[in-house]
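Worksheet: one structure, shown below.
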Amino acid sequence: MRILLSLAAALVTVAGMAAIAQAQAPQYFYCYVPNAATSTVYMTQTLPVGPVSERATYGAAYAAYLRGEGLVSASARGYCTMRPTTGEIAVARQDLQSYCPECNGATRFTTAPWSRPGMQAAPEQKTAGAAIQAVIPQPPPQTVPLAPEKAPDLRLAVMGNDVTGEILVVTGPNAEKAAEDAAANAFPSTGWQKLAMSEASGYGIAICVDGPPITFFVSEGKKLLSDAIAEALPQARAYAKQTGKRPYMCRHWHIKEPGYVEPVWETSVVDLVKGHLRAYLTCKSAESDCLKEAISRMATFAVRG
């Protein structure tokens with residue numbers, strides 16, 4: 001009897017370990033290819049991983065696809081990140097835009113959808129064309145013969161996925177269409193919503209409140225990043241207080257010119273955080289309300305990416 005019980009316990013242990021290993025195994029991935037010549041980093045949408053035997057080929061296959069579209073040079077290399085959940089992939093994307101040792105200083109990030117080997121639906125070629133329009137200024141159209149040239153209006157499109165928290169930021173004359181195409185080719189392709197459609201340049205931010213579903217608060221077209229935070233954060237904190245959830249920074253960006261998006265972190269944000277800390281330090285010991293408010297400002301605002 002003892003032997004049977006021991007065998008049963010061993011089988012349960014092995015099954016549990018197998019379940020844990022399966023849960024932690026990579027289920028999703030994205031790849032990216034830096035192009036130093038245009039300071040651009042092309043990224044795939046979030047995709048499900050395929051068989052183990054083919055996973056090592058994804059980076060080279062994506063780089064080959066971009067070369068075929070004329071977007072990167074022959075020497076460009078592809079890199080891939082795999083994670084167990086789509087949420088972890090979204091965080092990895094944000095981390096990449098804050099620190100990318102392989103990018104050689106490239107700061108423009110854009111999504112150029114791609115289908116990995118074994119997937120049935122390959123992206124249309126026009127999708128990659130829309131993606132490059134989102135990062136490189138296009139020549140102005142001539143709508144009237146001999147009329148003075150007019151540069152295209154700067155367009156900004158921001159979309160968010162209320163399941164994964166992933167944020168797409170696209171600029172250019174066809175930004176809205178390019179963002180819609182990228183979201184349609186993402187994995188998952190559902191849960192996307194338009195957060196901002198604008199012609200403004202400047203700093204922008206998307207602050208999220210934990211879900212499900214994730215709720216977004218967006219401010220854009222500001223002179224300073226701290227101005228965007230000051231506009232979006234109070235709304236996010238008020239909503240988070242009502243729902244008992246936590247607000248955090250999903251993504252921030254800087255639109256310097258048509259087709260140029262860069263991840264930013266500038267001193268005005270540090271000054272904002274310093275202000276919260278200064279409020280705490282200057283509260284008198286007896287002023288409990290003052291202390292609670294200052295601690296709340298510091299504790300309930302987190303940053304991702």
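FYI, it's all coordinate maths here, none of it is from the lab. Quick caveat, the model's predicted, so the values are computed rather than measured. Counting neighbours? That spans all protein chains shown, and the Cβs are built from the backbone with ideal geometry, glycine included.
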Quiz item: Each residue of the range 64-81 in turn: what ³J(HN,Hα) in whole Hz from Karplus with 6.51, -1.76, 1.60 and θ = phi - 60°, glycine and Pro shown as x?
Solution: 5, 4, 5, 4, x, 8, x, 9, 9, 7, 5, 8, 5, 10, x, 10, 10, 10
Quiz item: Across the range 222-235, in residue order, what do the Karplus-derived ³J(HN,Hα) couplings come to in whole Hz, using 6.51 cos²θ - 1.76 cosθ + 1.60 with θ = phi - 60° and x for Gly and Pro?
Solution: 9, 5, 10, 5, 5, 5, 5, 5, 4, 7, 7, 5, x, 5
Self-check item: Estimated dipole of the range 41-112 in Debye, rounded to 20 [Cβ of Lys and Arg +1, of Asp and Glu -1, Cα centre]
Solution: 60
Exercise. For Ala196, list long-range residues whose amide hydrogen, built 1.01 Å from N in the peptide plane, is under 5 Å from its own amide hydrogen.
Key: Val158
